Amino acid sequence: MTVGFPPGKPFKPALKSRTIVVPGRTTAQKQKNAVDERRLHSELGKLVRRWAWLHEQLAGTFQLASGAETSVANAIWHSSKSDAAQRNMLTAALRASIEELKKQQADTHNQFQQAVFAEYVWISDQIGKQSHTRNDLIHSPILLYFSSADGQFEAVVTDVYSNPRAKKMAGKELFQLTRWLLSFCDDMGRHLAAVDSVRRNGGTIPAQPKFKLLSDLPTRKQPPPKSSRWRKKKTKD
């Protein structure tokens with residue numbers, strides 16, 4: 001195995017600038033590519049924010065499951081720098097709470113508490129299942145690859161340096177996947193809020209959300225419905 005590089009030949013990285021100069025592109029193509037890039041940046045940015053907010057709501061659930069004072073529960077929760085470790089703590093506390101409730105008198109309220117805690121376990125597990133895909137997408141190096149066939153760029157991941165996360169994203173339509181994860185965050189956020197409301201006010205635990213199929217979400221070539229796009233309202237003079 002040869003280590004280093006020959007003298008007189010400085011190291012050149014396999015990937016240079018992200019900017020790609022393509023001769024012969026029309027102004028319209030350049031504008032379309034710029035729009036696609038901004039859209040991808042926007043979608044990924046929204047995913048980072050919504051995931052962070054969704055996960056932050058689990059801190060309140062952990063406080064409930066642990067039975068500790070707010071300051072103590074928050075200190076324990078944030079002592080871990082890993083989302084996965086936090087979810088593991090939450091699930092362990094919820095399941096232990098369920099077992100303790102089973103030892104107590106089996107009245108209506110006891111059964112209600114067990115059902116609520118079990119629903120929180122389901123929520124945590126579902127978030128954990130999608131966390132791997134979300135992490136692979138967010139932490140993969142993404143390039144805008146020029147397709148000479150239609151004169152447009154495709155958003156792809158690169159595994160030039162054998163990035164294991166990038167390999168998992170190979171062949172994925174990144175716009176579509178990002179939008180599906182955004183939809184997942186919205187569904188789970190609403191369901192978590194609904195379960196919290198039932199826990200505080202009583203009632204029936206809401207039905208678990210039915211997640212959309214990946215194919216239900218638009219690709220790069222299929223922009224989102226107009227109703228979901230932000231538009232500046234026109235004001236009357």
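Tell me whether region 146-153 contains one or more residues that are under 30 Å from S197 (Cβ atoms) and either surrounded by 17 or more Cβ atoms within 10 Å (Cβ to Cβ) or touching a residue at least 24 places away in the same chain (Cβ under 8 Å) (or both). No; the residues of region 146-153 include none that is under 30 Å from S197 (Cβ atoms) and either surrounded by 17 or more Cβ atoms within 10 Å (Cβ to Cβ) or touching a residue at least 24 places away in the same chain (Cβ under 8 Å) (or both). Please work out if A115 is at pLDDT 95 or above, over 25 Å from D83 (Cβ atoms) and more than 24 Å from the chain's Cα centre (by Cα). Judged against the criteria, A115 is a match.
With the structure loaded, tell me whether L182 is modelled with pLDDT of 90 or more, over 30 Å from K221 (Cα atoms) and either crowded, with 17+ Cβ neighbours inside 10 Å or within 27 Å of the chain's Cα centre (by Cα) (or both) or whether it fails that test. Answer is no for this residue. Here L15 meets the list (1) in contact with a strand residue (DSSP E or B) (Cβ under 9 Å, 6 or more places away or on another chain); (2) modelled with pLDDT of 80 or more almost entirely, failing just condition (2). Residues in region 36-62 that are more than 23 Å from H78 (Cα to Cα) and among the hydrophobic types (A, V, I, L, M, F, W, C): L40, L44.
Only residues that are among the small types (G, A, S) and in contact (Cβ under 8 Å) with a residue 24 or more places away in the chain were counted in region 60-78, giving 4.
When the residues of region 64-82 are filtered to those that are within 24 Å of the chain's Cα centre (by Cα) and not hydrophobic (A, V, I, L, M, F, W, C), the one that is surrounded by the fewest Cβ atoms within 10 Å (Cβ to Cβ) is K81. Restricting R50, R39 to those that are out of contact with any Cys (no Cβ under 7 Å at 6 or more places or on another chain), in contact (Cβ under 8 Å) with a residue 40 or more places away in the chain and assigned to a helix (DSSP H, G or I) reduces the list to R39. Each residue in region 200-218 was checked for being more than 19 Å from Q111 (Cβ to Cβ) and assigned to a loop (DSSP other than H, G, I, E, B), and 7 pass.
The values are calculated or read from the model by the stated rules, or taken from the named source; none is laboratory data. What you see is a predicted model, and the numbers here were worked out from it, not measured in a lab. Cβ sites come from the backbone with ideal geometry, for glycine too, and all protein chains shown count toward neighbours.
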